[in-house]
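The values are calculated or read from the model by the stated rules, or taken from the named source; none is laboratory data. A quick note: this is a predicted structure, and the numbers were derived from the prediction, not measured. We place every Cβ from the backbone using ideal geometry, glycine too, and count neighbours over all the protein chains shown. The accessibility values were calculated without ligands, DNA or RNA, using every heavy atom of the protein model including side chains. Shrake-Rupley method; radii C 1.70, N 1.55, O 1.52, S 1.80 Å.
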Amino acid sequence: MGLASTEEELALRASRFVKAELKRAGLTYADLAERLKEHGLPAETEASIKAKLRRGTFAATFLLATLAALGIEGLSLSDL
């Protein structure tokens with residue numbers, strides 16, 4: 001069996017992962033927006049992050065910058 005059975009499931013899992021990591025780190029969407037500036041995404045705002053995570057669709061660049069902003073150095077697909 002693959003990582004997910006549908007693209008929608010994969011999007012939901014990725015979104016939930018980011019939300020959970022933000023909560024675990026005690027950070028808000030506004031905090032993440034500030035941190036993303038240091039990782040090459042200066043245009044991200046609290047509202048844009050909320051929208052991306054609500055939709056579950058975002059670019060790999062957003063995911064990678066978010067992982068870096070949260071200090072996550074490694075990720076296993078089983079974490080999703």
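For the chain, the solvent-accessible area of protein heavy atoms averages 64 Å² per residue (probe radius 1.4 Å; ligands and nucleic acids excluded). The sum of -39500 (n - 2.57) across all DSSP H runs of n ≥ 4, divided by the residue count of the chain, sets its helix-only mean residue ellipticity at 222 nm to -18500 deg cm²/dmol.
Taking all Cα-Cα distances within the chain, those exceeding 19 Å account for 31%.
One chain, two ends: residue 3 and residue 77. Fully extended at 0.36 nm per residue, the span grows by 25.9 nm beyond their Cα-Cα distance.
What you get for the chain, charging only the Cβ of Lys and Arg (+1) and of Asp and Glu (-1), is a dipole of about 240 debye around the Cα centre. Rolling a 1.4 angstrom probe over the chain with all protein chains present gives an accessible area of which 55% lies on carbon and sulfur atoms.
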